[in-house]
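Input: a single structure, listed below in structure tokens.
The values are calculated or read from the model by the stated rules, or taken from the named source; none is laboratory data. Everything quoted here is computed from the prediction, not taken from an experiment. Virtual Cβ from ideal backbone geometry, glycine too; neighbours counted across all protein chains shown. What goes into the accessible areas is simple: the full protein's heavy atoms, side chains included, and nothing from ligands, DNA or RNA. Shrake-Rupley method; radii C 1.70, N 1.55, O 1.52, S 1.80 Å.
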Amino acid sequence: MTANEPPGEPGVGPRPAQGTDPAAYDAVVLAGGAARRLGGADKPGVRVGGRALLDRVLAACGGARTTVVVAATRPTARPVTWAREDPPGGGPLAALDAGLRHTTAEHVVVLSADLPFLQERTVGRLLDTLRQSAADGVLLTDPDGRDQPLVAAYRTRRLRETLALLADRHGGPHGLPLRRLTAELNLTRVSDPVASFDCDTWDDIASARARIREHGNVLDEWISAVKDELGIDLDVDVKELLDLARDAAHGVARPAAPLTTFLVGYAAARAGGGPEAVSEAARKAVALAARWAEESTPEASAAPKAPGDHPDVAPDATPDTRPDAG
């Protein structure tokens with residue numbers, strides 16, 4: 001779902017809808033720029049961990065009511081609204097002004113499109129800090145203590161007011177640096193050296209690609225990439241599924257692990273989907289794997305210790321009383 005609207009007057013945006021959720025937020029992602037330090041490469045489309053940088057940022061603000069990307073349109077993993085400053089290339093304040101015209105929520109998260117390690121929990125932390133303070137905005141700082149105004153949450157009304165003030169003072173937002181905006185705002189700062197990491201050079205890209213393959217990160221990164229690729233927005237208990245795969249591989253045969261997890265997913269989908277359906281299907285499969293493994297033990301093959309003690313008969317099985325049974 002995409003949309004483009006004319007720029008209009010600086011600092012002007014749609015009025016918030018009546019009765020909107022105060023916890024809702026919008027997101028504006030700035031994905032333009034010349035990427036000169038990357039030799040003019042299409043930075044938002046550069047892949048880290050198999051996903052475009054832009055798609056990684058869109059996943060981090062997946063809870064936004066409206067997500068506006070200020071750039072030329074392109075395929076994305078999530079639906080977005082497209083906007084463009086007029087003329088293009090007017091700088092970050094002009095791009096922000098264009099994006100804000102499509103927002104209606106009280107709070108807006110403003111992000112650049114080159115943040116490989118930004119996650120939804122960081123976006124939530126910015127918003128929670130903003131809601132609990134009287135500040136105009138909350139932004140991250142990098143390891144050197146520098147402000148990152150494009151990894152931040154702001155009060156939308158204050159952004160519009162400040163952009164209108166700057167436009168009046170300088171004849172428009174085009175060409176103005178971000179520091180002109182932040183100098184006018186009351187800001188709270190949060191340190192996060194990982195989430196604030198941005199990719200300006202090919203060395204940065206190489207560092208990001210290496211980091212996500214580190215032992216402590218690779219599984220979560222892979223699962224996130226697969227969900228984006230398949231269009232799945234579902235949080236499941238990864239440990240539960242890994243335990244199931246281990247039990248199936250150990251108690252049955254190694255190829256049983258991937259096939260069993262596939263069948264669990266299929267069964268969960270038929271049951272309506274959702275984490276609860278996955279958990280219930282996994283529980284049944286784990287119990288089956290345990291029963292299967294028990295039958296392979298020496299104790300399971302031994303003669304019953306007492307009359308009626310048949311380890312290979314399920315506890316709720318009904319005896320066969322036909323005349324020719326047995």
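Some points to look at:
- Filter pass, residue 103 being buried (at least 19 other Cβ atoms within 10 Å of the Cβ), under 15 Å from the mean Cα position of the chain (by Cα), under 25 Å from residue 141 (Cβ atoms) and of a type in the set (S, T, N, Q): no
- Test for residue 144: is it among the charged types (D, E, K, R) and assigned to a loop (DSSP other than H, G, I, E, B): yes
- Among the residues of region 194-217, those identified as over 30 Å from residue 87 (Cα atoms) and open to solvent by 70 Å² or more (accessible area, probe 1.4 Å) are 203, 209, 211, 213, 214, 215.
- For region 246-257, the condition of being in contact with a Phe, Trp or Tyr (Cβ under 8 Å, 6 or more places away or on another chain) and not in a helix (DSSP H, G or I) holds for at least one residue.
- Region 178-193 - residue that is open to solvent by less than 40 Å² (accessible area, probe 1.4 Å) and out of contact with any Asp or Glu (no Cβ under 8 Å at 6 or more places or on another chain) and, of those, farthest from residue 141 (Cα to Cα): 181
- Qualifying residue in region 108-117 (condition: more than 20 Å from the chain's Cα centre (by Cα), surrounded by 20 or more Cβ atoms within 10 Å (Cβ to Cβ) and within 22 Å of residue 161 (Cα to Cα)): no
- Residue in region 232-251 that is modelled with pLDDT under 75, open to solvent by less than 100 Å² (accessible area, probe 1.4 Å) and within 19 Å of residue 195 (Cβ to Cβ) present: no
- Condition met for residue 276 (at pLDDT 80 or above, assigned to a helix (DSSP H, G or I) and loosely packed, with under 13 Cβ neighbours inside 10 Å): yes
- Top-ranked residue of region 169-200 - restricted to ones that are in contact (Cβ under 8 Å) with a residue 60 or more places away in the chain and not in a loop (DSSP other than H, G, I, E, B), ranked as nearest to residue 88 (Cα to Cα): 178
- Close Cβ contacts (under 7 Å, 6 or more residues apart or on different chains) running from residues in region 75-99 that are in contact (Cβ under 8 Å) with a residue 40 or more places away in the chain and hydroxyl-bearing (Ser, Thr, Tyr) to residues that are in a loop (DSSP other than H, G, I, E, B) and open to solvent by 10 Å² or more (accessible area, probe 1.4 Å) comprise 81/2; 81/3; 81/66; 81/102.
- Complete set of residues in region 122-141 that are surrounded by 17 or more Cβ atoms within 10 Å (Cβ to Cβ) and either in a strand (DSSP E or B) or of a type in the set (D, E, K, R) (or both): 125, 136, 137, 138, 139, 140
- Selection status of residue 208, part of a helix (DSSP H, G or I) and touching a strand residue (DSSP E or B) at 6+ places or on another chain (Cβ under 6 Å): yes
- Flag for residue 286 being in a helix (DSSP H, G or I) and either among the polar types (S, T, N, Q) or under 28 Å from residue 50 (Cα atoms) (or both): no
- Index of the failed condition, residue 161 passing every other in (1) under 18 Å from residue 107 (Cβ atoms); (2) touching a strand residue (DSSP E or B) at 6+ places or on another chain (Cβ under 9 Å); (3) not in a loop (DSSP other than H, G, I, E, B): (2)
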